[in-house]
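Working notes, structure below.
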Amino acid sequence: MHIRSVGVLGAGTMGAQIAAHFGNAGVPVLLLDISTDAAKQGLERARRLKPDPGFTPDSWALISTGAFDTDLHRLSESDWIVEAVVEQLDIKRELLAKVDVVRRPGTIVTSNTSGIPLTTLATGRSDDFRRHWLGTHFFNPPRYLHLLEVIPTAETRPEVIETIHHFADHRLGKGVVVAKDSPNFIGNHIGLYAIMRILAAVARDEYTIDEVDTITGPVLGRPKSATFRTLDLAGLDILGHVVNNLRERLGDTQERDVWTLPAFFVRMLEHGLTGEKAGQGFYKRVKQPNGDTMILTLDPNTLEYGEKQRVRIASLEAIAPIGDVRDRVRTLFQANDKAGRFLRDTLAPTLVYTARVTPSIAHSPDDVDRVLRWGFGWELGPFELIDAIGIRTVVEAVRESSPEILTDGVPPLLDQPLQSGRNVVRGGDVPPAAPDLQILRTAKERTTVVKRNAGASLVDLGDGVLCVEFHSKMNVVGDDTIQMLQAGLLEASRNFVALVVGNEAPNFSAGANLMLLLLEAQEENWDDIDLTIRAFQRTMLALRYADVPVVVAPAGLTLGGGCEIALHGDRVQAAAETYMGLVEVGVGLIPAAGGTKEMLARAVETMPPGTSDYLPVIQRAFETIAFAKMSTSGPHAEQLGYLRPVDGITMNRERLLTDAKGRALGRVAEGYHPPPRRTAIPVGGDAVLAPLKLGVHLAWRGGRISNHDALIGRKLATVMAGGSLPHPSTVSEQDLLDLERAAFLSLLGERKTLDRIQHTLKTGKPLRN
């Protein structure tokens, strides 16, 4: 079954963003609502969202709009129809009845319902409709959250499930989990139970809002928004509606009281404290007289706001140096203070409850862990948390805090390991969801690492492909990284047919090691810095002219030196969520590992035959570097010139290295030969340098840039012009690399550049001085 076009019903928060993500996948979308204006307005609201639901403006152009009354018949052209209207059974069923009339036989129809039983929604529909019917629960925001819960019914044809699974994985980049048709499926069921336990603890006046969010954020391997900031973003009214519906659907269970909203929460809804959209929920932003914004925190007892209080709990301070999330969680759980009690009172019952309901909502504990990881941003899923703490410790905590959960005994998923003498459910991370996902992890489990140092490793991916994996903090590039790239090139040329440069961390590389660079500059070790830059430049040329094809696989942050590595691969296979840029100007420098050279060379290569005016194409490349432009997606990176038309995009981050490996082997099959060396790159000389410098001067005169910005701009312009040459000419790659290096060293000797580097290292933000 093929999906070439999609219809989305409902242009609300989810419907419009789902449509946008189909556009990201290059699929034409028909977005319908009660009127064409309502559909257009929903689409415009989505376009104003930050972060952007779309990859580029081109992706939005694939979406057309219409109305239910006048355009429903156009759904006969769609291969997949997604219902995403308001979460009310009668409204959904009425609309689906109309869809049944106009859809083409064999068209797949799904609902984005967050919890209404799929069998109930399809009652009364035709046989063909029901055989092609299932749930596809996207998580908000659809572009950025990896999870898609797929919920078939007993009548759904297997090939329909497989079609949606494959399309969602490969084209939408989703981590697909097939869930059972149970109330609120997997994610919302478990996630809401965790929230209800926390709300109950706050209602007992045992913990403050600030304390809860401090404990339940990054300390536990959760997002910075933690618990209550997340609820404010989601909307407290929506939470109340979903909880009440879930309570009714679950019926008379022994945890029915857990699904009762506490009195303070009900009062919040009555007072309109519904979260971010109302301007106040658990938190409230208040403008100060000086223009700054102060964030106030709610007192649940009085519903009044006060200044955020710094949380001081001994165990939180004690675990700060612990890097491994499992060790942090285990230590905090056992702490004999407020943080430890909180986890034993709330997390422990959540984990035991999860173990009890898993057989009725999911097909395996692995799927439950994937759902909480992919849909809620947890570093560890529930069963991974149980293993980190230990089954016995979790069960004993529940016996003390919530014995009612154990009325029917310890859940079999926990009791069976205990009876066999084990204290873990699985042991280790949840495995990859398929054999062709996370292949680097699998390769390291299967074979011995070929070579390793502190910054990087060489790993055999199989089939004659070697991988250079970075693993320093934020994968910054230092001497050890460069050494391993050089070792990888040598090893690949001797014993492999291709080389991949990539990793499975969130970020490919945040750039060069600025701390070491700053220390060397402060010590005035200019010769050592010069040697380091030369080594980096030689390594980049070695990547470009390697005996075997080199495929670079960036994802996440790919900045500065990391971007330069990508620029020098024979091919790039980038994740759709790649944020790539030559951002050195932000710290007072210019790219000097071949990045400036490569952007110039690519610019002149795009000039139409017979054209002699270099300025327009070079100026675009100059501005990309001078403004430190960073892509907001893989496709946007191509528009900025960081990727080429021959490079590829992978939507699913977990299969990025699979695709990179395939691209490398494809280059081998094509009969790869190193490209000819660039010995005559056309440059404009003073004909380009003068107008570029004039632009820098006018920006300075207009107050748009500082004196130091202007100095950086003039240095960059000199490189982009090929030097101060009296007329257009040609230069070699080495000529441009020498210009880059000279400009870099000159700028590094400036006090204001060192101030910029120090400020960035301290705050994570650029300094305009």
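The values are calculated or read from the model by the stated rules, or taken from the named source; none is laboratory data. Since the structure is predicted, the reported quantities are computational estimates derived from the model, not experimental observations. As a convention, Cβ positions derive from the backbone with ideal geometry for all residues, glycine included, and neighbour counts pool all protein chains shown. Remember, those area values only see protein heavy atoms, side chains included, never the ligands or the DNA or RNA. Shrake-Rupley method; radii C 1.70, N 1.55, O 1.52, S 1.80 Å.
Values for this structure:
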| quantity | calculated |
| --- | --- |
| Straight-distance crosslink candidates among lysines, where the alpha carbon sits under 16 Å from K597 and sequence neighbours closer than 8 are dropped | K715 |
| Computed E for R204/T611 - FRET, C-beta separation, R0 51 angstrom, nearest 0.05 | 0.10 |
| Residues of the range 145-174 with amide N under 20 Å of a point placed 7 Å along Cα→Cβ from S225 | 145-149, 174 |
| Amide H contacts under 5 Å for Q280, placed H, 5+ residues apart | T274, G275 |
| Point-to-point label distance, D128-A154, nm (Cα→Cβ direction, 7 Å offset) | 2.4 nm |
| Peptides ranked, highest mean first, by Cβ atoms within 10 Å: ranges 709-716, 570-577, 407-414 | 570-577, 709-716, 407-414 |
| Solvent accessible area, Å² - E162, 1.4 Å probe, full protein context | 110 Å² |
| Cα-Cα over 29 Å, subset of K50/K284; K338/K444; K629/K762 | K338/K444 |
| Computed lengthening from A263 to N495, 0.36 nm per intervening residue step minus Cα-Cα distance | 76.7 nm |
| The chain - accessible surface per residue (Å², probe 1.4 Å) | 41 Å² |
| Highest average packing first - 659-669, 526-536, 20-30, Cβ atoms within 10 Å | 20-30, 659-669, 526-536 |
| Extension gain, L745 back to H166 (0.36 nm per residue minus Cα-Cα distance, nm) | 203.4 nm |
| Cα convex hull of the range 493-633 - mean projected area over all directions, nm² | 10.4 nm² |
| Nearest-0.05 FRET efficiency for E77 and E317, computed from C-beta distance (R0 45 Å) | 0.15 |
| Estimated translational D of the range 586-653 in µm²/s (Stokes, Kirkwood radius over Cα pairs; 25 °C; 0.890 mPa s) | 185 µm²/s |
| Mean-position separation - Cα centroids, the range 524-602 and the range 169-197, in angstrom | 40 Å |
| Calculated FRET value between Q639 and K765, using beta carbons and R₀ = 25 Å, to 0.05 | 0.45 |
| The range 464-516: translational diffusion in µm²/s, Stokes-Einstein, Kirkwood Rh over Cα pairs, 37 °C, 0.692 mPa s | 282 µm²/s |
| Solvent-accessible surface ranking, highest first, for V85, V101, V329 at 1.4 angstrom | V101, V85, V329 |
| Difference of contour (0.36 nm per residue) and Cα-Cα distance, N290 to D327 | 9.0 nm |
| Percent of Cα pairs exceeding the 24 Å cut-off, where the set is the range 436-541 | 27 percent |
| Amide N of the range 51-78 lying under 15 Å from the label point, which is placed 7 angstrom from the Cα of I34 along Cα→Cβ | 67-70 |
| Phi-based couplings in Hz for the range 198-211 (Karplus 6.51, -1.76, 1.60; Gly and Pro marked x) | 5, 4, 5, 5, 5, 4, 7, 6, 9, 9, 8, 4, 4, 5 |
| Percent carbon-and-sulfur accessible area, the range 204-297, ignoring ligands, DNA and RNA, probe 1.4 Å | 52 percent |
| ³J(HN,Hα) computed for each position of the range 143-152 - Karplus, 6.51 cos²θ - 1.76 cosθ + 1.60, integer Hz, glycine/proline x | 5, 9, 8, 6, 7, 9, 7, 10, 10, x |
| Estimated 222 nm signal from helices in the chain, with DSSP H stretches of n ≥ 4 weighted -39500 (n - 2.57), rounded to 500 | -14000 deg cm²/dmol |
| The range 362-388 residues near the modelled S420 label - backbone nitrogen below 19 Å, point 7 Å along Cα→Cβ | 363-369, 383-388 |
| Over 54 Å [Cα-Cα, the chain], rounded percent | 15 percent |
| Sequence of T70, T274, T107 from largest to smallest accessible area, 1.4 Å probe | T70, T274, T107 |
| DSSP beta bridges in the chain [antiparallel fraction, %, rounded to 5] | 40 percent |
| Carbon/sulfur fraction of accessible area - the range 608-728, other protein chains in place, 1.4 Å, % | 59 percent |
| Viscosity 1.567 mPa s, 4 °C: Kirkwood-radius Stokes-Einstein D of the range 307-427 over Cα pairs, µm²/s | 86 µm²/s |
| Cα-Cα P(r), the range 79-198, percent of pairs per 10 Å interval | 14, 46, 33, 6, 1 |
| Distant-in-sequence amide H partners of G594 (H built 1.01 Å from N, under 5 Å) | none |
| For the range 108-172, the spread of Cα positions along each principal axis, largest first, Å | 35, 23, 14 |
| Whole-Hz couplings from phi, Karplus 6.51/-1.76/1.60, listed for the range 709-719; x for Gly and Pro | 4, 5, 4, 4, x, 5, 5, 5, 4, 4, 5 |
| Percent of Cα pairs exceeding the 16 Å cut-off, where the set is the range 189-254 | 51 percent |
| Cut-off under 5 Å, modelled amide H: who pairs with I649 long-range | A574 |
| Burial ranking of peptide ranges 690-697, 386-393 (average Cβ count within 10 Å, highest at the top) | 386-393, 690-697 |
